[in-house]
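K.L.:
Below: one structure in structure tokens.
The values are calculated or read from the model by the stated rules, or taken from the named source; none is laboratory data. Note that this is a predicted model, so its numbers are computed, not measured. Ideal geometry is used to build each Cβ from the backbone, glycine not excepted, and the neighbour counts take in all protein chains shown. In case anyone asks, the SASA skips ligands and DNA or RNA and just uses the protein heavy atoms, side chains included. Shrake-Rupley method; radii C 1.70, N 1.55, O 1.52, S 1.80 Å.
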Amino acid sequence: MARRSRHRLLLLLLRYLVVALGYHKAYGFSTPKDKVVKATEYQEIILACKTPKKTISSRLEWKKLGRSVSFVYYQQALQGDFKNRAEMIGFNIRIRNVTRNDAGKYRCEVSAPSEQGQNLEEDTVTLEVLVAPAVPSCEVPTSALSGTVVELRCQDKEGNPAPEYTWFKDGVRLLENPKLGSQSTNSSYTVNAKSGTLQFNTVSKLDTGEYSCEARNPVGYRRCPGKRMQVDDLNISGIIAAVVVVVLVITLCGLGVCYAQRKGYFSKETSFQKSSSASKATTMSENDFKHTKSFII
């Protein structure tokens, strides 16, 4: 009994596979294979649709996939801005003057009637647009104190793929390993080519100079204008002189207050205030007496 049940299960599985294969052949659906093509911005690219040869009864559609699906080629006509800068070569699309906005996933759909029914085939291709870096934004402090930590930043947001960064001081490239450089430069800095930062752990007067940064990827490179950073030593003598001046001012003010108290300037002012308040009180009492007297009469 167990053997018979196993044979029945095998027969059922075989029948299921036969039905599935027959369904696949009847409708001719093929699983799309995603492939990637790369194009440099402002150049041209061909998006190929690998399907059987085109026939009179074949219907072709190209779509750009994303959050919303948009037609590129529909009802035998290019759509949108592809009308003016693209052309059809069989099932393929030739795009001239590619822009970064063209990047994305595209799908071609070819349908044609057959003896088994409607035959539908699809092919998917991803377009990656390579973009050269723009002029990077460079953040360089104009001044710094020796012995402090100073960080210079460089960034580009347009390059694709993401660029790597190189820093220059007075037109000379700063090596990622400062120990390999000349002895006249500070060896306490670190360069991050990925993030574009140049950090001095303890900046010194030797680091005074003009700094610029270059962003580079396989498509191109750009450099920001040089900016000067001035590094000065901490002026200890100036700080001491300022403290001495402040102490002298406070001392003179205190001596002046003591001298005024000894001369009685503050006591005279107090007695004057007391006499004026007493005279006011006497005047008010006399006025009150007059009012009272008139009321009694």
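K.L.:
Once you've got the Cα coordinates, tell me which of Lys38/Lys83; Lys63/Lys157; Lys38/Lys169; Lys38/Lys194; Lys157/Lys227; Lys38/Lys227 are over 31 Å apart.
P.N.:
Pairs exceeding 31 Å: Lys38/Lys169; Lys38/Lys227.
K.L.:
For every other residue with a beta carbon closer than 12 angstrom to the beta carbon of Tyr74, add +1 if it is Lys or Arg and -1 if Asp or Glu, then tell me the sum.
P.N.:
+2
K.L.:
Here is a follow-up. Once the other residues with Cβ under 10 Å from the Cβ of Thr208 are scored (Lys, Arg +1; Asp, Glu -1), what is the net sum?
P.N.:
-1
K.L.:
Provide the solvent-accessible area of Cys253, counting protein heavy atoms only and rolling a 1.4 Å probe, rounded to the nearest 10 Å².
P.N.:
80
K.L.:
Report the net charge of residues surrounding Gln155, where surrounding means a beta-carbon distance below 13 angstrom and charges are Lys +1, Arg +1, Asp -1, Glu -1.
P.N.:
Once positives and negatives cancel, what remains is -2.
K.L.:
At a 1.4 Å probe radius, carbon and sulfur cover how many percent of the accessible area of segment 94-223?
P.N.:
46
K.L.:
So who's got an amide H within less than 5 Å of the one on Gly159, skipping anything under 5 residues away but keeping other chains? H placed 1.01 Å off N, in plane.
P.N.:
Residues meeting the criterion, in which the H sits 1.01 Å from N, are Ala134.
K.L.:
Averaged per residue, what accessible area in Å² does segment 112-178 show with a 1.4 Å probe, protein chains only? Could you put the intermediate results ahead of the total?
P.N.:
Details: 3490 Å² over 67 residues.
For segment 112-178, the per-residue accessible area is 52 Å².
K.L.:
Any chance you could look up the accessible area of Tyr259 with a 1.4 Å probe, heavy atoms only, rounded to 10 Å²?
P.N.:
Around 130 Å² of this residue is reachable by solvent.
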